[in-house]
Amino acid sequence: MNRQQSIAAARGLTDASDRLLSADEPLAELHEACGGTLPGTLAIPELLALVRRARGLGLRIAREFSAFDGEELVSGFARIQPIDDDEIGGCEVIVENWHRAVHSETTSHEDAQRIDEVDRATAEVRARLDARQQVQLVSVCVPDAVSFIDAIEAQPGCAWSDYVELQGISHQQPLHWRLLDGASATIPGSSRNWRVRLIPLGPNGAAPRGFELLLLSNEPLPAEGKGTEPAQVGGAHSRIIGSALTPVLRQPIARIIANAETIRTRLAGPLRDEYSEYAGNIAAAGQHLSGMLDDLADLEVVEAPGFSTASERVDLADVARRATGILGVRARDRKIDFVIEESDDPVIATAEFRRVLQIFINLIGNAIAYSPEGSTVTVTAQIEGEGLVSASVSDEGPGVDAGQAEKIFDKFERLGRDSDGGNDTGSGLGLYISRKLALAMGGDLEIVQPDEGEAIAGAQFKLTLAAADSSNS
């Protein structure tokens, strides 16, 4: 089964009941290994959770996942795209960067940690509680849970259970956390049923110093709350591209990439080197088109009226480590090293984690593309003072002059610099979207220009965000 390590992408299609209707061979094999049939309910728990969330929110979701097929641990990067089709009503599932590894026996503690990570990835309400289960910080990503925040703001300082209605539990609250973990609940203003997860924080499970509260629902949002973000798009141009063309184009592009990778890696038989290289160029071009589709989908979201982001505590140094880990293979291919510089004190921002990670991946990915081989990309996280924190990404490429800097954040602008990677990649949307996200989180993204008379030595992009309140740490 090691042949699947070379597969660029595998596609599947689900319906409104989360049944896998069709799938490319690798995805179908994993689905069946997990006990599913084709067609039949998606049997890969980690993917099923992502599909349900994407379908319920009406939003595209992209994130890493891993699953155990009974013999090996399969990991990859999943892109879930709801399909705007009343007959299907499901999602398009694309899994990229397949990787298989021999599965070692895990302890019950490791298994529990994996379950916790899956629940964190799919929770629609997340909160930080103190040792007495009182709410300190909360964030929601669905409209029918906003009343949960409203209730907390109206009467702060209470246990989380005072703001919900627990099902089948009549004892006085708060109970011991183990009795509440896994309970069912309803939220005022939401017609859905919710599952409660309480994850203790600290080394002592018997006396935690606090808790992470997750509220999860396997039910989709009601029709009136479905797809609010993509539907309210400013301008017919982005609506047509994002909602109509993107799903149509993904399938043929994914097949082009998969077939080209099959040829490049000689899985179909012996091949001369020049033809293998040619197939690699086709796969790279397909990946470029796939990335452009992702950018167009993101563009649709950030330009929607009323677009907003969640508010949570984000450790910028931690995000930097995660982003460099994701882009590590690309950097190694070009012999580029990462350096992460951080202050002695934690650099914590008030922002949305996944949006900050998206900005970091764009900035670091650009730095890799524009840096010469054997150079260094530096990420610096620091406290700015006056309630601000920042993160900078610096490279050793040709830099950006003043004239380019004025236009580099414009939509579809590709002035920038010449890529040392040998091809002109990008849609001209990455920096535009990243700055839109930074502004939506109450911050900004800018390019740092050298002082007058100072030579340009690479480019430096700086993300500035509001610092988190230290009292909530």
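Some notes on this structure:
- Meets criteria (outside the structural domain of residue 31 (by TED's automatic domain parsing), part of a strand (DSSP E or B) and either modelled with pLDDT of 70 or more or in contact with a Pro (Cβ under 8 Å, 6 or more places away or on another chain) (or both)) for residue 81: no
- Region 107-136 - residue that is touching a Lys or Arg at 6+ places or on another chain (Cβ under 8 Å) and over 14 Å from residue 209 (Cα atoms) and, of those, modelled with the lowest pLDDT: 121
- Some residue of region 183-190 being outside the structural domain of residue 145 (by TED's automatic domain parsing), more than 27 Å from the chain's Cα centre (by Cα) and modelled with pLDDT of 80 or more: no
- The set of residues in region 160-177 that are at pLDDT 75 or above and either basic (Lys, Arg) or loosely packed, with under 15 Cβ neighbours inside 10 Å (or both) comprises 165, 167.
- Hits in region 56-78 - residues which are charged (D, E, K, R) and at pLDDT below 80: 63, 64, 69, 71, 72
- With respect to the conditions (1) in a helix (DSSP H, G or I); (2) at pLDDT 75 or above; (3) of a type in the set (A, V, I, L, M, F, W, C), residue 245 falls short on a single one, namely (2).
- Selection over region 268-278 of residues that are touching a helix residue (DSSP H, G or I) at 6+ places or on another chain (Cβ under 6 Å) and outside any helix (DSSP H, G or I) gives a count of 1.
- Residues in region 423-473 that are modelled with pLDDT of 75 or more and among the charged types (D, E, K, R): 435, 436, 444, 446, 462, 469.
- In region 387-397 there is at least one residue that is modelled with pLDDT of 90 or more, crowded, with 22+ Cβ neighbours inside 10 Å and of a type in the set (S, T, N, Q).
- Candidates 227, 235, 202 - the one that is more than 26 Å from residue 355 (Cα to Cα), modelled with pLDDT under 85 and either surrounded by 13 or more Cβ atoms within 10 Å (Cβ to Cβ) or not charged (D, E, K, R) (or both): 202
- Residues that are modelled with pLDDT of 80 or more and either under 24 Å from residue 336 (Cα atoms) or among the acidic types (Asp, Glu) (or both), drawn from region 409-422: 410
- Residue in region 432-448 that is surrounded by the most Cβ atoms within 10 Å (Cβ to Cβ), counting only those that are of a type outside the set (Gly, Ala, Ser) and assigned to a loop (DSSP other than H, G, I, E, B): 441
- Scanning region 134-147 for residues that are of a type outside the set (A, V, I, L, M) and in contact (Cβ under 8 Å) with a residue 60 or more places away in the chain yields 136, 139, 141, 143, 144.
- Apart from one condition, residue 335 fits all of (1) at negative phi; (2) in the same structural domain as residue 411 (by TED's automatic domain parsing); (3) not β-branched (Val, Ile, Thr); the exception is (1).
The values are calculated or read from the model by the stated rules, or taken from the named source; none is laboratory data. A quick note: this is a predicted structure, and the numbers were derived from the prediction, not measured. Every residue, glycine among them, receives a Cβ derived from its backbone with ideal geometry; neighbour counts consider all protein chains shown.
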